[in-house]
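The values are calculated or read from the model by the stated rules, or taken from the named source; none is laboratory data. No experiment lies behind these values; they were computed from the predicted model shown. Please note: Cβ atoms are built from the backbone with ideal geometry, for glycine as well, and neighbour counts cover all protein chains shown. The area values use the complete protein model at the heavy-atom level, side chains included, leaving out ligands, DNA and RNA. Shrake-Rupley method; radii C 1.70, N 1.55, O 1.52, S 1.80 Å.
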Amino acid sequence: MKTIRVRITAEELEAKRISEILERAFEDDGNPVTIYEATPDGRLWAAEILLFDMEPEEAAATVRDRVGADAFAAPLEAEELPDINWVEKSLEGLKPVKAGRFVVHGSHDRDKVPGGAIGIEIEAALAFGTGHHGTTAGCLEEIDRLLAMREYHSILDLGTGTGVLAIAAALQSRQSVLATDIDPVATKTALENARLNGAGHLVKGFTANGIDDRRFRHYGPFDLVIANILARPLMKMAKSIGERMTPTATLVLSGLRVEDGPRILFAYGCQGFILDRRGEKDGWLTLTLVRGRKHA
Ligand code: SAH
């Protein structure tokens, strides 16, 4: 996929204003927007947005169009980013990762899983989730901790990617786990990985956007949901996730930047959830929330 980065450089306040305008203008398409200090002295800031599958000139024109040409006088540059397959890239030279009692590894490291650990084999695939990302590792640690403390009867891994979290929960609890993803390639990969790890009979799944799909009616209400997605979709889904969980459920949310914490807690607070535990890894936040009781 062709990725174009459009960068607008300005003084701090102006750059912040521009990034807010960009976020609003592209909110429905969900294009990533970011802002950072462009010079070490903090004099100049850069607001950036990523656009996909177009030429740089078209990307620049789209940004100007949507925000209105006179919304800012700052210079605007559009540049194509090198086409990197990030999934493949992230799998290069992967070493086994230990998180809680789980060790996530490729087939070449099958014999490196120590006794007592639960090995999860994940092969290079076009889905996210090898255990190397701080969010995946944070969720694995929570799954280990939560399942060791109490039994759960209806578990959902929302946004399953490679299926790594669903497989971990299934192998540890020996219970069936539902795994869903918006991306059909991910769902297929997750179910294949579950079979590869001897959890094929435990992990069920289908492709769906969020948790409103009618097929969810055959499952739940869930007493444990693990959703490693991103702050924005998780904010939007707070109500529907809350509605499909039991009154004393546990919810693990990740894919959050540290600064997303307060608004996520507020959105899920409206659904009766309170914070049980908060973990940070490489700038990523994993939140464990509980409802109807003090601790998970
Ligand atoms: N659970 C894995 C993968 C996390 S990546 C892990 O922890 O490593 C996030 C996944 O969420 C991606 O596979 C993406 O396709 C999926 N996703 C994003 N938006 C979604 C939505 N609205 N509904 C369901 N899945 C979604």
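Per the listing ALA179, ALA169, ALA127, ALA186, the residue uniquely at pLDDT below 95 and surrounded by 24 or more Cβ atoms within 10 Å (Cβ to Cβ) is ALA186.
Among the conditions (1) part of a helix (DSSP H, G or I); (2) of a type in the set (Lys, Arg); (3) surrounded by fewer than 15 Cβ atoms within 10 Å (Cβ to Cβ); (4) at pLDDT 80 or above, the only one that ARG64 does not satisfy is (3). Scanning region 213-233 for residues that are surrounded by 15 or more Cβ atoms within 10 Å (Cβ to Cβ) and either free of Cβ contacts under 8 Å to residues at least 12 places away in the same chain or within 9 Å of the ligand (Cβ to nearest atom) (or both) yields ILE226, ALA227, ASN228, ILE229, LEU230, PRO233. The requirement of being in contact with a Ser or Thr (Cβ under 8 Å, 6 or more places away or on another chain), closer than 18 Å to MET54 by Cα and either outside any loop (DSSP other than H, G, I, E, B) or not assigned by the TED database to the domain that holds GLU77 (or both) is fulfilled nowhere in region 9-30; no residue meets it. For LYS112, the conditions (1) open to solvent by less than 70 Å² (accessible area, probe 1.4 Å); (2) touching a Pro at 6+ places or on another chain (Cβ under 7 Å) all hold with the exception of (1). Being within 16 Å of ALA227 (Cα to Cα) and open to solvent by 40 Å² or more (accessible area, probe 1.4 Å) is the filter here, so list the residues in region 238-257 that pass it. Of everything in region 238-257, those that are within 16 Å of ALA227 (Cα to Cα) and open to solvent by 40 Å² or more (accessible area, probe 1.4 Å) turn out to be LYS239, GLU243, ARG244, ARG257.
Within region 158-192, being part of a loop (DSSP other than H, G, I, E, B) and more than 20 Å from GLY119 (Cα to Cα) holds for GLY159, ILE182, ASP183.
Here the condition is being away from the ligand (no atom under 13 Å from the Cβ), closer than 27 Å to GLU280 by Cβ and hydrophobic (A, V, I, L, M, F, W, C); of LEU158, LEU147, LEU191, it holds for LEU147 alone.
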